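Peer 1: Dropping a structure here in structure tokens format, bear with me for questions.
The values are calculated or read from the model by the stated rules, or taken from the named source; none is laboratory data. It should be emphasised that the depicted structure is a prediction, and the values quoted were computed from it without experimental measurement. Positions of Cβ are generated from backbone atoms using ideal geometry, with glycine treated the same way; all protein chains shown enter the neighbour counts.
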Amino acid sequence: MKLYAPEGKFLWDFWIYEENGIYHLFHLEAPLNEDSHSRHRNSTVGYAVSRDLVNWEYKGTVLKASELEDDWDSVSIWTGCTIKKDDTYYMFYTSRCKRDIADDGYVGHTQRIGVATSKDLINWEKYRGNPIIVADDRYYEKQPDAYNKHEGCRDPFVVYDEDEKMYYAFFTARDKSGHPKYRGCIGRARSKDLINWEVMPPAASPHIFTDMEVPSLHKHNDKWYMIFAVKKRMV
């Protein structure tokens, strides 16, 4: 059963923020005239709302790539998450720069994570100090050594640990060590203010996956559970 399909758009990789009985849906979108591959180079963030998770009202595109090709987020916008601190909403998102060109000609070879803030979930302002999270070469594979020529640092998911009074970000990355094909890991960073982040060693690095994508964390009975997408042989 199809519940929501913005007219004329591809739709994928969504996340939901709920507040006061209203569900706020954010998702990647691209024009249907793009092919299935090029849509990833032209994706933006769309936004819809619902009170029952069945009937959705599309509100439009709320976050786009920069039009300045030297900017860190000039290629496209990729998956992120949305949370609230005090009276401000924070959207964490992935992007790439047009100036980062791999030896094979791939544009935007290095992924980085930035943040935008909003008071109403519709009008977003990108933080001037972006990107806020990049792969730290003490722990993570960097672009020149990457098996697939891309530096992984994407799909941020942010949670607040009440016990530690600390925010943690978990993201798709690649371990610095191990067999080049199977360095997929879940990266980790922490922050007290959602702006200044300390990148930490991987939260999970089993050395059996090429990538561990779109992590999400959920707490149940005082235990954290992590969900992520994998493909054992993504080569």
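Peer 1: For residues in region 192-207 being surrounded by 12 or more Cβ atoms within 10 Å (Cβ to Cβ) and over 16 Å from Tyr140 (Cα atoms), which is farthest from the chain's Cα centre (by Cα)?
Peer 2: This residue is Lys192.
Residues are listed down the side, and each one gets a yes or a no for (1) at pLDDT 95 or above; (2) in contact with a strand residue (DSSP E or B) (Cβ under 9 Å, 6 or more places away or on another chain); (3) over 27 Å from Thr61 (Cβ atoms):
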| site | (1), (2), (3) |
| --- | --- |
| Gly114 | yes, yes, no |
| Lys126 | yes, yes, no |
| Asn130 | yes, yes, no |
| Tyr140 | yes, yes, yes |
| Gln143 | no, yes, yes |
| Arg188 | yes, yes, yes |
| Trp197 | yes, yes, no |
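Peer 1: Right, Asp73: assigned to a loop (DSSP other than H, G, I, E, B) and under 13 Å from the mean Cα position of the chain (by Cα) or not?
Peer 2: Judged against the criteria, Asp73 is a match.
Peer 1: Kindly indicate whether any position in region 77-94 is more than 15 Å from Leu194 (Cα to Cα) and charged (D, E, K, R).
Peer 2: The answer is no, given that none of the residues of region 77-94 is more than 15 Å from Leu194 (Cα to Cα) and charged (D, E, K, R).
Peer 1: Related question: Please state which one of Thr94, Thr82 is under 18 Å from Asp120 (Cβ atoms), out of contact with any helix residue (DSSP H, G or I) (no Cβ under 6 Å at 6 or more places or on another chain), in the same structural domain as Val159 (by TED's automatic domain parsing) and of a type in the set (Ser, Thr, Tyr).
Peer 2: Thr82
Peer 1: Then there is this: Of everything in region 1-56, what is touching a residue at least 60 places away in the same chain (Cβ under 8 Å) and exposed (fewer than 12 other Cβ atoms within 10 Å of the Cβ)? Give them in sequence order.
Peer 2: Glu19
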